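Trainee: Please read through the structure below; I'll follow up with questions.
The values are calculated or read from the model by the stated rules, or taken from the named source; none is laboratory data. Every value quoted in this text rests on a predicted model; they were computed, and no experiment measured them. Positions of Cβ are generated from backbone atoms using ideal geometry, with glycine treated the same way; all protein chains shown enter the neighbour counts. Areas reflect the complete protein model, heavy atoms only, side chains present, ligands, DNA and RNA absent. Shrake-Rupley method; radii C 1.70, N 1.55, O 1.52, S 1.80 Å.
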Amino acid sequence: MTQSTPLSAAQLKELKEQLLARRSELDGQMAQNLANLAPAENTAGSVSQDDNARLANQTREVDQALTSLDEQELARINRALEAMEEGSYGQCDECGCAIPFERLKIEPMTQHCVACKSQIEQKQGVARG
Ligand SMILES: [Zn+2]
């Protein structure tokens, strides 16, 4: 297969900067989430704090879910950055076509063209974003 990367160096640079900015944003979010997740337990024993504890648990579950979403996104960002290093960035994982720059600008960590992505989403029944 010939590696036809229609993205110019300037376009790649722009996308890379987007990815890096998003990554540091996520890093901050995850640090915040982890701080919220820090164990605040073993102070239990009082009945009056029962509701508070329950609320705290719920909050923690949400934070945990958010953290795992962030981790997934972070993994995708890292994969995209690796692909940039390898020179395979911007190619659809599924059909190998070149993903248009316009699409990459909106979702720089995507690994699929629009057609393949909607097929995958149909298969998985997952709607994202
Ligand atoms: Zn494709």
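Trainee: What spacing in nm lies between the two simple spin-label points modelled at Gln124 and Asp27, each 7 Å away from Cα in the Cβ direction?
Mentor: About 2.6 nm, to one decimal.
Trainee: Now for a different question. Among 101-113, 57-69, 84-96, what's the highest-first ranking by average C-beta atoms within 10 angstrom per residue?
Mentor: Working: 101-113: 17.2, 57-69: 13.2, 84-96: 15.6.
Answer by packing, highest mean first, reads 101-113, 84-96, 57-69.
Trainee: Using a 1.4 Å probe over the heavy atoms of the protein chains, calculate the carbon and sulfur portion of the accessible area of the chain as a whole percent. If you can, show how the numbers build up before the last one.
Mentor: Working: 4600 of 8840 Å².
With neighbouring chains kept in place, the figure for the chain is 52 percent.
Trainee: Show me, for segment 101-113, the HN-Hα J-couplings you get by feeding each phi into the Karplus relation (A = 6.51, B = -1.76, C = 1.60, θ = phi - 60°), rounded to Hz, glycine and proline as x.
Mentor: Once rounded to whole Hz, the list reads 4, 4, 6, 5, 5, 6, 9, x, 9, 5, 10, 9, 6.
Trainee: Moving on to the next point. Please list the non-local residues whose amide H lies under 5 Å from the amide H of Gln91, H modeled 1.01 Å from N, same-chain partners needing a gap of 5 or more.
Mentor: Residues meeting the criterion, in which the H sits 1.01 Å from N, are Ile99.
Trainee: If you don't mind, another one. Binned at 5 Å from 0, what are the whole-percent values of the Cα-Cα distance distribution for segment 9-124, short to long?
Mentor: 2, 10, 16, 16, 13, 11, 9, 7, 6, 5, 3, 2, 0
Trainee: Taking a probe of 1.4 Å, how large is the accessible area per residue of the chain, in Å²? Intermediate results must be reported in sequence, preceding the final value.
Mentor: On the way: 8840 Å² over 129 residues.
Value for the chain: 69 Å² per residue.
Trainee: Could you pull out every one of the lysines with an alpha carbon less than 23 Å from that of Lys16, ignoring same-chain neighbours closer than 8 positions?
Mentor: Answer for Lys16, where 23 Å is the Cα cut-off: Lys105, Lys117, listed by chain and number.
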